[in-house]
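The values are calculated or read from the model by the stated rules, or taken from the named source; none is laboratory data. If you're wondering where the values come from, they're calculated on a predicted model, not measured in any experiment. Neighbour counts are summed over all protein chains in view; Cβ atoms, including those assigned to glycine, are modelled from backbone coordinates with ideal geometry. For the accessible areas, the whole protein counts, side chains as well, though only heavy atoms, and no ligand, DNA or RNA atoms are used. Shrake-Rupley method; radii C 1.70, N 1.55, O 1.52, S 1.80 Å.
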Amino acid sequence: MRRLLLVLLLICSVLMVAEVVELRWTGWGGSEDDLKLAKAKIEAFQAKYPNIKIVPEVYPENYTQALLASLAAGNPPDVFLLDAPYMPTFTERGVPMNIKPYLRVLGIKIEEYYPNVLEIFSTPDGKLFGLPKGFTPMVVYYNKKLLREAGLPEPSDDWTWDDFLKMAQAMTKDLDGDGKIDQYGAYIGRYFYQMCPIIWSYGGEIISPNYDTVDGYLNSPQTIEAVQFFVDLIKKYKVAPEYSTVSALGGLGNMLYTNKIGFYISGHWSLFGMRKYIEEGTLEIGVVRLPRGPYAKTSQTVIYATAWSVISTTKNPREALQFVAWLAGAEGQRYEVLESRIELSGHIPTNELLVKQDKWGVEKKFVEIIPTARIPIGCRVFDWYKAEDIFAEATDKIISLGTPVKEALDWAVKEIEAKVFGR
């Protein structure tokens, strides 16, 4: 009945003289650039929909906790940012509206969006709880200058982790002759989002196909081998720095921007920080798929995304849906992606424009990788962020304390089974 009423309201809206409706819109941010971008989007939207007043509520930190607190207090916003790792946190509480029944009346052409990005915010029974704000696959950034100086070609899409290691070894150097390495061939963070595709590339898995256990997956022989390779890059081959070394050399950003790291696994957001140095001509960066592992025939990567969603209890569903459709469509994505350039767009035509406008020649590679990227585990498992924190702690045990990989992963499995799955 609610769905029928909403559809009728949407269809009839063009025939009605609507009163001004106020919508509260929330997301994270808070920097001057964030506020400026939000203001520009609001002005553009309200020029098209003068009967809808957008009231922004931006949280610079603890966004998810603030949103949950507003829900508990019975005072949630109308439109909110849904982060992929927290999707079950909200969907299992019935927080976001299923927007799929309203796509046609909103004029949304679903074929203009990447299926695997939409899948992140969908459920197996066909519900769709948001439209993409932005996303990224994980890639390898490579420093063209360091490769040239080492006499190496740029990596190809068919490269392997053995190729990665050999090239990283050639780029690792003691530049000042003091007996200490100060230029490293690679940097790989200990965080789950960076390690996950490495594990997949070794034929390993993190969780069962039904998303109900990590036992036998996160501590499988293939996963152990993948994590051991990551540890060996730091401890055995010394082509990647210890985390304490990164701090001593001025931090990761300083090392990246001053040509002290050859390969770096990250997402599109890192390109934003590199922009100044690329434009100055002091940094030459390329982008390539992650290497193939010994047991996988193709490169593996993962998508991380956010979406705009409508609170299911909003008093103004028609206007909230119109705003979400605008934000995720061509007009809103022009501000979100083509101007800010922090993320890729879930809207395919916008990404095509991004590639055409790219003067650095890297956006095309990001876009080529999208169709083969897998959805993140966090969009399917309630409180998966706890598992990611446990995994990071396990890698700390391995690197800092010398704990054997299998022992650390067995510990992580027990912790995740208890704290995520409750057993």
Excluding the sites themselves, what is the longest stretch of the chain that contains no GluC sites (Glu not before Pro) in a DSSP loop with at most 11 other C-beta atoms within 10 Å? 93-423
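Using DSSP to define loop residues, name the trypsin sites (Lys or Arg not before Pro) in the stretch 281-311 whose beta-carbon has at most 15 other beta-carbon atoms within 10 Å.
Listed in order of number, the matching sites are LYS297.
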Which far-off residues, 5 or more places away or on another chain, put their amide H under 5 Å from the one on GLY189, with H placed in the peptide plane? ILE265
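Taking R0 as 22 Å, what FRET efficiency do you get between LYS365 and THR298 from their Cβ-Cβ distance, rounded to the nearest 0.05?
The value I calculate is 0.90.
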Give the cross-link partners of LYS315 among the aspartates and glutamates, using a straight C-alpha distance below 12 Å as the criterion and excluding same-chain residues fewer than 8 apart. GLU22, ASP78
Which stretch or stretches of the stretch 165-186 have amide N atoms under 20 Å from the point lying 7 Å from THR258's Cα along the Cα→Cβ direction? 171-186
Loop-only trypsin sites (Lys or Arg not before Pro) in the stretch 83-171, please: DSSP not H, G, I, E or B, and at most 14 other Cβ atoms within 10 Å. ARG93, ARG104, LYS109
For the residue pair ASP358 and LYS48, what label-to-label distance in nm results when each label sits 7 Å from Cα along the Cα-to-beta-carbon direction? 2.5
Multiplying the sequence separation of LYS36 and ASP157 by 0.36 nm and subtracting their Cα-Cα distance, what value in nm do you get? 39.8 nm
Could you work out what % of the accessible surface of the chain is carbon and sulfur, using a 1.4 angstrom probe and leaving DNA, RNA and ligands out of the count? 53
Take the Cβ-Cβ distance between SER400 and LYS145 as r, set R0 to 35 Å, and report the resulting FRET efficiency rounded to the nearest 0.05. 0.65
Filtered chymotrypsin sites (Phe, Trp or Tyr not before Pro), the stretch 258-354: DSSP coil and at most 16 other beta carbons within 10 Å: TYR295
Ratio of Rg to Rh over the stretch 256-388 (Cα coordinates, Kirkwood Rh, two decimals): 1.02
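Would you mind getting me the FRET efficiency between GLU19 and LEU338? Use the beta-carbon distance for r and R0 = 30 Å, nearest 0.05. Let's see the in-between values first.
Working: r = 33 Å, r/R0 = 1.11.
E between GLU19 and LEU338, to the nearest 0.05, is 0.35.
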Rounded to the nearest whole Å², what accessible area per residue is found for the chain with the 1.4 Å probe? 44
How far, in nm, would the chain grow between GLU417 and LEU175 when pulled straight, counting 0.36 nm per residue and subtracting the alpha carbon separation? 82.5 nm
Could you work out how much longer the chain between LYS236 and GLU119 gets when fully extended? Use 0.36 nm per residue separation minus the Cα distance between them, nm to one decimal. 38.2 nm
Pairs LYS39/LYS260; LYS144/LYS364; LYS365/LYS397: which are spaced more than 26 Å apart, C-alpha to C-alpha? LYS39/LYS260; LYS365/LYS397
Roughly how many nanometres apart are two label points built 7 Å out from the Cα toward the Cβ at TYR211 and TYR191? 2.1
